[in-house]
1. Given the convex hull over the Cα atoms of the range A:19-134, what projected area results after averaging over all orientations, in nm²?
2. To the nearest 0.05, what FRET efficiency results for B:Ala94 and B:Val126 with a Förster distance of 30 Å applied to their C-beta separation?
3. Rounded, prolate or oblate: which one fits the range A:112-197, using the alpha carbon gyration tensor with axes a ≥ b ≥ c (rounded when a/c is under 1.5, else prolate when a/b beats b/c, else oblate)?
4. Could you tell me which of rounded, prolate or oblate describes the range B:90-142, using a ≥ b ≥ c as the square roots of the eigenvalues of the alpha-carbon gyration tensor, with rounded for a/c under 1.5 and, failing that, prolate when a/b is larger than b/c and oblate otherwise?
5. For the range B:56-108, just the Cα set please: Rg and Dmax, both in angstrom.
6. Normalising by the residue count of the range B:63-197, find the relative contact order in percent from Cα pairs under 8 Å and 6+ residues apart.
7. Calculate for chain A the 222 nm mean residue ellipticity that helices alone would give, adding -39,500 (n - 2.57) per DSSP H run of length 4 or more and normalising by residue count, nearest 500 deg cm²/dmol.
8. Can you sort B:Ile80, B:Ile138 by how many other beta carbons sit within 10 Å, fewest first?
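Throughout, read-outs are computed from the coordinates displayed, never taken from laboratory work. Predicted, not measured: the structure shown is a model, and the values here were computed from it. Every residue, glycine among them, receives a Cβ derived from its backbone with ideal geometry; neighbour counts consider all protein chains shown.
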There are 2 protein chains.
Amino acid sequence: MYPKAVNNLITALSRLPGIGSKTAERLALFLVRAPAAEVQALARAVAGVGAVKACGVCFNLTESDPCPICADPNRDAQSICVVETPADLAALEAAGSYRGRYHVLSGALSPLDGVGPEALRLRELVRRVKQGGVREVIIATNPTVEGEATADLVARSLAGCGAVVTRLGYGMPVGGDLKYMDGLTLSRSLESRRKLS
Amino acid sequence: MYPKAVNNLITALSRLPGIGSKTAERLALFLVRAPAAEVQALARAVAGVGAVKACGVCFNLTESDPCPICADPNRDAQSICVVETPADLAALEAAGSYRGRYHVLSGALSPLDGVGPEALRLRELVRRVKQGGVREVIIATNPTVEGEATADLVARSLAGCGAVVTRLGYGMPVGGDLKYMDGLTLSRSLESRRKLS
């Protein structure tokens, strides 16, 4: 029904996650009518991600190896924050309060999806910590079943490595509403209550 | 927070309609991890829509001019179906019951968006019909306020052109549910009721 070039684009776009055939059709028809410069910019940007690879040290996404964070002498090399994905790392960087280094596991344990310990960059983390010079490992996996199981595995793998292993704190999210909060979160925030005066 | 190539892609993707910055981020991170062949296929597909233009006769999207439908001798040249967009044309073609030609207006009247009669391919339609050989013009603009106003304008513009001008029928959509149908649709389907026996 559409010219071949449009059908090709619809097919390619509908392979993206969360983009169904109707959305792909809408996007393709938008691009057909968009200025040529904008379309070419998108094509170049898509092709350009071929230059992105994983940092050899922390497995964050990078164009240079080691990545800018690992290469930054102003960041605390004694502290490693362990995250599941580059997106989690980006969220922590956006928060702006952490000035140490990272380690991207590239996933979380998920037996149902066939993701076992060998699929994670865990051996590389243990090697980094065993090399010495690391004071603290902060486990910042997600507060989900998979993330908790992964945190547990990471903590056990690092036992006896000579570094303090910590976990991000649980509690109320800032801006949340108590009456809509689940019981487990409330229990955790009771446990982690702090003295004010 | 991400490498430049990833940020470029996020920016380019978030220019697409209905793609916010979070979705663009998710898509970009998917593409970073996708096989290189798939990423290159998408880049080529995006760049490829540059070859798509409007048919000189009916203004449908095409890579050849005139488009395959206008060039097809098996399609009834005496019948022209007037639609708003190439997507509407594609929906009618997918239905498969129409064997005539088309005319894509490239929009509908929408004074609030600054779309007046001169923005539509109306003059070209009148010229096509005045050239003769057209028996019927079927107005298939959308059953919306804009589509109805456009249908009215098209009908008035074609008055005295020598062709029968018709409008797509109103009524219940097949598979619909009477209790969820709006009153106007129900009134229209009462008006267009047909004798069964």
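1. With the hull built on Cα positions only, its mean projection is 10.4 nm².
2. That pair, B:Ala94 with B:Val126, gives E of 0.60.
3. Cα axes put the range A:112-197 in the oblate bin.
4. oblate
5. Spelled out, the Cα radius of gyration and Dmax of the range B:56-108 are 10.2, 29 Å.
6. On the way: 165 pairs, mean separation 28.3, N = 135.
Dividing the mean separation by the residue count of the range B:63-197 yields 21 percent.
7. Details: 8 runs with 82 residues, N = 197.
One gets -12500 deg cm²/dmol as the mean residue ellipticity at 222 nm.
8. Details: B:Ile80 23, B:Ile138 19.
Neighbour counts put them in this order, fewest first: B:Ile138, B:Ile80.
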